[in-house]
Amino acid sequence: MNRHFLLAVALLLIAATASAAGIPGDADGNGVLDQPEYTAAVLTYLVGEGDLTRTDIQDATWVLARWDGRPLEVTDSSGQTLTLSRPLRRVVTFTGESLETLRSLGFDMEKVVAVDKYSHAKSAFFPGFQEKANVGSIWSPDMERVLTLRPDAVFLYATISTAACDEIQQKLEASSPGTRVFRFDCFKPATYPGEIRAIAAATGCEDRGDEFVGFYESVMDGIRAGTADVPEDGKTRVYFEYWTDYKTFASGSGYNEKLEIAGGYNPFAGESAEYPEVDPEAVIVSNPEVVVKLTGQKLAAGGYAGHDIAALEATRSAILKRPGWTRLAAVADDRVHVVHSDILGGAQHFIGTAYLAKWFYPERFAGLDPNAIHQRYLTEFQGLDFNLASEGAFVYP
Amino acid sequence: MIPLPANRLLCIALLIMVVPAAASGTAVTRALSTAEPGAGETFTVSLSIEGMALGGVVETLPAGYAFAGTDLPDDRVLVREQKIAFAVMNDTRITYSVRAPASGSGDITGRWEDFIGGTDGAVAASHVAVDGIETAAASGGADPAVREAGSPFAVLAAVAGILLAAYRGGRR
């Protein structure tokens with residue numbers, strides 16, 4: 001890294017820090033922008049006096065109108081409380097889930113100045129983001145690029161990959177004190193509604209946040225209600241396999257939480273590892289009533305790119321040919337399904353959970369239409385021109 | 001540079017001027033109690049404001065004309081020579097008074113900014129002339145930005161400049 005670059009970064013950081021120091025127009029510096037301070041700032045700006053720019057005045061207006069003239073405090077999923085003195089104008093997301101959630105909330109995507117490399121590569125789901133800066137991944141972040149972008153907020157995971165995310169946060173806090181580092185997961189049913197509301201508050205998208213939480217909870221609460229009276233010994237026995245053969249998950253994992261919400265019983269929930277590899281014979285002995293195979297990432301089949309239903313069908317056909325599987329109740333009853341991680345692992349987990357519920361209890365959830373939920377989410381909340389009838393492949397059958 | 005047809009350039013120039021204000025839903029218009037005040041007479045200017053919760057309006061009076069008061073509280077008005085700034089807070093109408101000089105004519109011009117919507121625009125100019133008599137020295141304190149944006153000669157000059165630049169670029 002040459003000296004000129006370092007100097008430029010240092011100057012940018014000084015500017016960013018200065019601009020993030022307090023509420024613009026708070027003349028007495030008491031941390032509260034009252035109406036006389038605001039009108040004085042507006043008037044001097046209008047006649048071309050004073051130091052405040054148009055952006056400063058717009059930010060002061062935001063603080064007065066939306067935050068009652070006070071800084072906004074937002075508590076993230078790591079438990080830290082962050083204070084905002086201005087609305088967010090330059091956001092960097094290191095997780096696709098937070099980026100997707102921001103889009104669900106109607107946050108102005110022009111204010112997202114950089115994204116992680118995986119979101120950057122997903123042109124079908126994140127069209128247009130290929131033009132934005134790519135800051136790498138949480139495991140290999142391009143910190144120089146992050147700093148030169150002068151973000152006022154960076155989004156990281158809260159409870160997964162914590163060591164990598166902590167390191168990024170520490171670097172940002174040390175070199176760019178004006179940058180707020182938010183930690184949200186956006187993929188766990190237990191915390192997602194609260195995260196949506198917190199992010200909505202931080203971005204001034206509260207109304208849209210309420211609307212999205214309402215939609216999300218109507219799906220998830222409907223599933224919970226539909227399985228609430230299923231007795232423990234009456235739950236559908238499910239073998240859920242990761243994209244690696246015979247790798248499943250145990251209690252504590254995000255996937256298990258979704259399986260249990262859908263009323264499934266995981267015979268491997270008690271394994272010590274969160275994602276254990278199990279003995280093929282143990283799967284046969286457990287005799288699952290339903291088998292669910294996950295695709296995506298290490299098992300590339302389906303997803304938003306293309307419309308390759310045949311790839312999902314081939315995945316299913318392959319596992320049906322495993323030795324001894326003709327004896328499984330799931331195979332005999334034709335209840336072997338394939339689901340793509342795009343709709344179960346991340347922010348869209350409520351769509352995949354709806355499919356699980358329908359597969360586990362087809363009679364109880366006869367009226368549930370996961371495809372319609374998925375389409376509404378894409379059209380209404382993601383704002384995508386994406387037709388599930390002719391694009392993408394997410395489940396089979 | 002590839003030269004564009006002249007009419008397309010003119011359309012682009014007009015769109016750039018018109019769209020930002022039209023798309024915002026904010027509108028500020030001005031009405032005068034009289035456009036031909038008598039010498040030293042005080043007349044009323046009313047600004048009608050639509051769709052602006054928090055914003056500002058800056059009015060610029062012709063030379064010789066003087067601000068003489070407003071119905072807004074004092075802390076929401078600032079006068080600097082010919083400029084009068086108003087802080088708009090959910091107001092739909094602002095009225096202010098102007099004292100005419102012994103003689104003189106010119107335009108009252110104005111600009112508005114909506115700080116929530118992030119939009120701005122010009123308030124159409126209103127012509128005033130003491131006793132209806134036009135004087136050679138017209139508006140003395142018009143906002144330079146308004147003049148540049150509002151004058152048809154300035155627009156024509158800008159379009160001509162663009163066309164000339166395009167023509168020269170295309171010949172290289």
- Task: Kindly indicate whether any position in segment A:343-359 is at pLDDT below 95 and under 20 Å from the mean Cα position of the chain (by Cα).
- Result: yes
- Query: Is there a residue being in contact (Cβ under 8 Å) with a residue 24 or more places away in the chain, over 23 Å from B:Asp120 (Cα atoms), more than 14 Å from chain A (Cβ to nearest Cβ) and among the charged types (D, E, K, R) anywhere in segment B:71-80?
  - Reply: yes
- Query: Which condition number in (1) surrounded by 15 or more Cβ atoms within 10 Å (Cβ to Cβ); (2) in a helix (DSSP H, G or I) is the one that B:Met52 fails?
  - Reply: (2)
- Task: Among the residues of segment A:126-146, write down those that are in contact with a Ser or Thr (Cβ under 8 Å, 6 or more places away or on another chain), farther than 22 Å from A:Glu167 by Cα and buried (at least 16 other Cβ atoms within 10 Å of the Cβ).
- Result: A:Phe126, A:Phe129
- Spot the failing condition for A:Asp334; the list is (1) at positive phi; (2) among the charged types (D, E, K, R); (3) part of a helix (DSSP H, G or I), and only one is missed. (3)
- Inspect segment A:98-111 for any residue being open to solvent by 60 Å² or more (accessible area, probe 1.4 Å) and small (Gly, Ala, Ser) and give the result as yes or no. no
- For segment A:207-216, does any single residue satisfy the condition of being aromatic (Phe, Trp, Tyr), closer than 30 Å to A:Ala65 by Cα and in contact with a Pro (Cβ under 7 Å, 6 or more places away or on another chain)? yes
- So which pairs qualify, if the first residue must be in segment A:200-223 and part of a helix (DSSP H, G or I), the second must be open to solvent by 40 Å² or more (accessible area, probe 1.4 Å), the Cβ gap must be under 7 Å, and the two must be at least 6 apart or on different chains? A:Ala200/A:Glu206; A:Ala200/A:Arg208; A:Arg208/A:Gly106; A:Gly209/A:Arg197; A:Val213/A:Arg197
- Note on the structure: Residue count, segment A:16-40, condition at pLDDT 95 or above, more than 9 Å from every other protein chain (Cβ to nearest Cβ) and surrounded by 18 or more Cβ atoms within 10 Å (Cβ to Cβ), comes to 6
- Applying the selection to segment A:49-70, what residues are open to solvent by 50 Å² or more (accessible area, probe 1.4 Å) and either more than 8 Å from chain B (Cβ to nearest Cβ) or closer than 28 Å to A:Thr162 by Cα (or both)? A:Gly50, A:Asp51, A:Leu52, A:Thr53, A:Thr55, A:Arg66, A:Asp68, A:Arg70
- Task: Could you please let me know if A:Tyr246 is modelled with pLDDT under 95 and either within 30 Å of A:Ser77 (Cα to Cα) or over 18 Å from the mean Cα position of the chain (by Cα) (or both)?
- Result: no
- Query: When you look at A:Arg89, is it of a type in the set (Lys, Arg), modelled with pLDDT of 95 or more and over 19 Å from A:Arg180 (Cβ atoms), yes or no?
  - Reply: no
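The values are calculated or read from the model by the stated rules, or taken from the named source; none is laboratory data. A quick note: this is a predicted structure, and the numbers were derived from the prediction, not measured. Ideal geometry is used to build each Cβ from the backbone, glycine not excepted, and the neighbour counts take in all protein chains shown. In case anyone asks, the SASA skips ligands and DNA or RNA and just uses the protein heavy atoms, side chains included. Shrake-Rupley method; radii C 1.70, N 1.55, O 1.52, S 1.80 Å.
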